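A.B. asks: The structure is given below, and queries will be raised subsequently.
The values are calculated or read from the model by the stated rules, or taken from the named source; none is laboratory data. Being a predicted model, the structure only gives us computed values, none of them experimental. Every residue, glycine among them, receives a Cβ derived from its backbone with ideal geometry; neighbour counts consider all protein chains shown.
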Amino acid sequence: MEKKKKEVRYSSREVDILYILWNAGKPMLASEILAADEKLKPATVNTALKKMLEKELVVVADFVKSGNVYGRRYKPTITLKDFEMQKFSSTAADLVTALSRNTDTESVLEELDNLELIIKKQREKILKKK
């Protein structure tokens, strides 16, 4: 029997930090993450990084000298592409669940028609690029 992978929930701060790390393209100290977004506070970043380590969203890449102390540099364990695919899959699953719970068959059929049109347009766009 295949073991089902536990779904990871991301807080908005965790997502912010992941995007900072992806955009940097290199491991970063907490202080560098703070400097990348002026809205972030030190306690928020440290708490988020701790939780991200527990969820295995980031790992400690190495230790570097930062001023008079050594600091941890963090890197994401998931790529931006994989993250976006997870987000899309989750959203699609939520949509299917919502449609299956809706008892108004007319509105469900209308939504399915809209989805089919979106899928058709996207497929055509992809095929034009080839």
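A.B. asks: With Phe88, Phe63 as the choices, which residue is surrounded by fewer than 15 Cβ atoms within 10 Å (Cβ to Cβ), of a type in the set (A, V, I, L, M, F, W, C) and in the same structural domain as Ile119 (by TED's automatic domain parsing)?
C.D. replies: Phe88
A.B. asks: Further, regarding this structure: Return yes when Leu53 is within 18 Å of the chain's Cα centre (by Cα), in a helix (DSSP H, G or I), crowded, with 18+ Cβ neighbours inside 10 Å and at pLDDT 95 or above and no when it is not.
C.D. replies: Criteria not met by Leu53.
A.B. asks: With the condition kept exactly as written, say whether any residue in segment 80-96 is modelled with pLDDT of 90 or more and either in a loop (DSSP other than H, G, I, E, B) or in contact with a Pro (Cβ under 6 Å, 6 or more places away or on another chain) (or both).
C.D. replies: Within segment 80-96 (the criterion being modelled with pLDDT of 90 or more and either in a loop (DSSP other than H, G, I, E, B) or in contact with a Pro (Cβ under 6 Å, 6 or more places away or on another chain) (or both)), the answer is no, since none of the residues qualifies.
A.B. asks: Against the condition charged (D, E, K, R), assigned to a loop (DSSP other than H, G, I, E, B) and at pLDDT below 85, how does Glu2 come out, does it pass?
C.D. replies: It is true that Glu2 is charged (D, E, K, R), assigned to a loop (DSSP other than H, G, I, E, B) and at pLDDT below 85.
A.B. asks: Which of the following residues is surrounded by 17 or more Cβ atoms within 10 Å (Cβ to Cβ) and either under 18 Å from the mean Cα position of the chain (by Cα) or closer than 29 Å to Ile119 by Cα (or both): Leu34, Leu21?
C.D. replies: One residue alone meets the criteria, Leu21.
A.B. asks: Right, next: Among the residues that make up segment 110-118, is at least one of them without any contact (Cβ under 8 Å) to a residue 12 or more places away in the chain, under 30 Å from Ser31 (Cβ atoms), surrounded by 10 or more Cβ atoms within 10 Å (Cβ to Cβ) and not assigned by TED's automatic domain parsing to the domain that holds Leu34?
C.D. replies: no
A.B. asks: Based on this model, can you work out whether Val69 counts as under 25 Å from Lys87 (Cα atoms) and modelled with pLDDT under 95?
C.D. replies: Judged against the criteria, Val69 is not a match.
A.B. asks: Of the numbered conditions (1) within 30 Å of Glu111 (Cα to Cα); (2) among the basic types (Lys, Arg); (3) at pLDDT 95 or above, Lys75 fails exactly one; give the number of that condition.
C.D. replies: Only one criterion is unmet by Lys75, namely (1).
A.B. asks: Here are Thr77, Thr44: which of them is under 22 Å from Val8 (Cα atoms) and touching an Asp or Glu at 6+ places or on another chain (Cβ under 7 Å)?
C.D. replies: Of Thr77, Thr44, the one residue that is under 22 Å from Val8 (Cα atoms) and touching an Asp or Glu at 6+ places or on another chain (Cβ under 7 Å) is Thr77.
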